[in-house]
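Below is one structure, written out as structure tokens, with a few remarks after it.
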Amino acid sequence: MSVSSLCSPVVAGLQPYVPGEQPRIPGLVKLNTNENPYPPSPRALAAIAQAAQQGLQLYPDPQSLALRETIAARHGLDVGQVFVGNGSDEVLAHAFFAFFQHAGAPLLMPDITYSFYRVYCGLWGIAAELQPLDAGLGIDVDQLAARSAQGACAGVVLANPNAPTGIGLPLARIEQLLQACPQRVVLVDEAYVDFGGESAVGLVARYPNLLVVHTLSKSRSLAGLRVGVAFGQRPLIDALERVKDSFNSYPLDRLAQAGARAAYEDEAYFEQTCRAVAQSREGLLLALEDLGFVVLPSQANFLFVRHPDHDAATLAAQLRERAVLVRHFARPERIAQYLRISVGTPAQCDALVQALRALV
Ligand code: PMP
């Protein structure tokens, strides 16, 4: 993609995020972008329909107060400790701008993690300092903590469970980082935590430097609605509000506020679908191991796998020919032999395993 020579050098130098394929052909087994295979809660759908019928001619609540109150109550927090944005990608964008820019020092992150972090660094002019993963592709917290304790860093960002590996860190390791880096924000992106990870939201009261980011795109089946959440002490949330109100950045629309709120009010459905995904994940893991795949331990709604005898890019292309989509990252080199496979319904997982059986 070439850009106009009239662009600022920053834009000319950007390396934008490459999203996973959203296919136009219907009927594919879509296991490539970690969406939830189950539909949203019926209560969320009903609330969206109702919001569509009432009041769309009016602007939405700029503060999303009712939604934030519901989310705060769910986590035992105060409404002032909850921020919402249009997807967690937007929440992350505001957070990078609010906390990591102008620090005059690099932002620390694992070298393999959610690739959008590097994109935001490019956008906001933040230097990224990458800490290699350990031999098992886990986040090396000792290294990160030791480096952040030396000072001269803008903060730390990581995903827990990490993406695209799916490996989770116990809370004690998050606390280790928070304590090593008390003067800077430690941003913990918990996009996948509800599928079996340990959430740091309960630590918010104790750590003024902790910002936890959640999304409704995964465990609440609302990727199409675009709702993300941040949890932190009030001064951090106030900073995010200040950035949001200084941008275009519009509040959540009426449909999103209503649907997200109803999704949080249907805990039974949330727990049931998370459990179903976690169960399918364990079944899929065994089936893939049976086929000879090496599967990393996952606490997320996806598996990161490699086959010792088969090239990952070729396998992804062959699966595509058989109407099954999975994700392959050609870079970084260290993970180029892996496939990231989202956990589907039992029927989708079966279709994947059948297709693989013919290939490996
Ligand atoms: N964080 C991580 C680790 C992710 O994998 C994703 C999804 N690609 C996001 C954040 C963004 O999710 P959303 O913008 O849909 O909330």
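Among the residues of the range 110-124, write down those that are more than 15 Å from LEU137 (Cβ to Cβ), of a type outside the set (Val, Ile, Thr) and within 12 Å of the ligand (Cβ to nearest atom).
SER115, PHE116, TYR117, TYR120
Here is a list of conditions, (1) touching a Gly at 6+ places or on another chain (Cβ under 8 Å); (2) of a type in the set (Gly, Ala, Ser); (3) within 16 Å of the ligand (Cβ to nearest atom), and ALA95 meets all of them except one; can you say which number that is?
Condition (1) is where ALA95 drops out.
When residues of the range 296-342 are filtered for being of a type outside the set (A, V, I, L, M), part of a helix (DSSP H, G or I) and in contact (Cβ under 8 Å) with a residue 60 or more places away in the chain, how many remain?
Summing the residues that are of a type outside the set (A, V, I, L, M), part of a helix (DSSP H, G or I) and in contact (Cβ under 8 Å) with a residue 60 or more places away in the chain in the range 296-342 gives 1.
When the range 99-125 is examined, which residues are found to be more than 18 Å from the chain's Cα centre (by Cα) and surrounded by fewer than 23 Cβ atoms within 10 Å (Cβ to Cβ)?
GLN101, HIS102, ALA103, GLY104, ALA105, PRO106, GLY122, LEU123, TRP124, GLY125, listed by residue number.
Any residue in the range 80-88 that is among the hydroxyl-bearing types (Ser, Thr, Tyr) and surrounded by fewer than 22 Cβ atoms within 10 Å (Cβ to Cβ)?
no
Here are some conditions: (1) surrounded by fewer than 17 Cβ atoms within 10 Å (Cβ to Cβ); (2) under 21 Å from SER115 (Cβ atoms); (3) not hydrophobic (A, V, I, L, M, F, W, C). TYR338 meets all but one. Which one does it not meet?
For TYR338, the failing item is (1).
So that you can scan it fast, the table gives a plain yes or no per residue for (1) under 20 Å from the mean Cα position of the chain (by Cα); (2) part of a helix (DSSP H, G or I):
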| residue | (1), (2) |
| --- | --- |
| LEU222 | yes, no |
| PRO235 | no, yes |
| ALA239 | no, yes |
| GLY259 | yes, yes |
| GLN272 | no, yes |
| GLU282 | no, yes |
| LEU285 | no, yes |
| GLY292 | no, no |
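Go through (1) farther than 19 Å from GLY232 by Cβ; (2) within 15 Å of the ligand (Cβ to nearest atom) for GLN143 and report which single condition fails.
The failed condition is (2).
Considering only residues that are part of a loop (DSSP other than H, G, I, E, B) and within 9 Å of the ligand (Cβ to nearest atom), look in the range 204-220 and name the one that is most open to solvent (accessible area, probe 1.4 Å).
Step by step, filter the range 204-220, then rank; the result is LYS218.
What's the total number of residues in the range 146-183 that are part of a loop (DSSP other than H, G, I, E, B), open to solvent by less than 10 Å² (accessible area, probe 1.4 Å) and more than 16 Å from the ligand (Cβ to nearest atom)?
Counting residues in the range 146-183 that are part of a loop (DSSP other than H, G, I, E, B), open to solvent by less than 10 Å² (accessible area, probe 1.4 Å) and more than 16 Å from the ligand (Cβ to nearest atom) gives 3.
Could we say that VAL84 is over 26 Å from PHE304 (Cβ atoms), touching a helix residue (DSSP H, G or I) at 6+ places or on another chain (Cβ under 8 Å) and not in a helix (DSSP H, G or I) here?
yes
Take the residues of the range 36-75 that are without any contact (Cβ under 8 Å) to a residue 12 or more places away in the chain and not polar (S, T, N, Q): which is surrounded by the fewest Cβ atoms within 10 Å (Cβ to Cβ)?
Only one residue tops the list, namely TYR59.
Tell me yes or no: at least one residue of the range 87-97 is touching a Phe, Trp or Tyr at 6+ places or on another chain (Cβ under 7 Å) and part of a strand (DSSP E or B).
no
Could you list, in sequence order, all residues of the range 186-203 that are crowded, with 22+ Cβ neighbours inside 10 Å and either in a loop (DSSP other than H, G, I, E, B) or away from the ligand (no atom under 16 Å from the Cβ) (or both)?
GLU190, ALA191, TYR192, GLY197, ALA200 - these are the residues of the range 186-203 that are crowded, with 22+ Cβ neighbours inside 10 Å and either in a loop (DSSP other than H, G, I, E, B) or away from the ligand (no atom under 16 Å from the Cβ) (or both).
Being assigned to a helix (DSSP H, G or I), more than 16 Å from the ligand (Cβ to nearest atom) and either in contact with a strand residue (DSSP E or B) (Cβ under 7 Å, 6 or more places away or on another chain) or not charged (D, E, K, R) (or both) is the filter here; which residues of the range 69-81 pass it?
THR70, ALA72, ALA73, HIS75, VAL79, GLY80, GLN81
Go through the range 221-243 and report how many residues are within 16 Å of the ligand (Cβ to nearest atom) and closer than 21 Å to VAL186 by Cβ.
Matching residues across the range 221-243 total 5.
The values are calculated or read from the model by the stated rules, or taken from the named source; none is laboratory data. From a predicted model like this one, the values you see are computed outputs, not experimental measurements. Here Cβ is always computed from backbone atoms with ideal geometry, including for glycine, and neighbour counts include all displayed protein chains. For the accessible areas, the whole protein counts, side chains as well, though only heavy atoms, and no ligand, DNA or RNA atoms are used. Shrake-Rupley method; radii C 1.70, N 1.55, O 1.52, S 1.80 Å.
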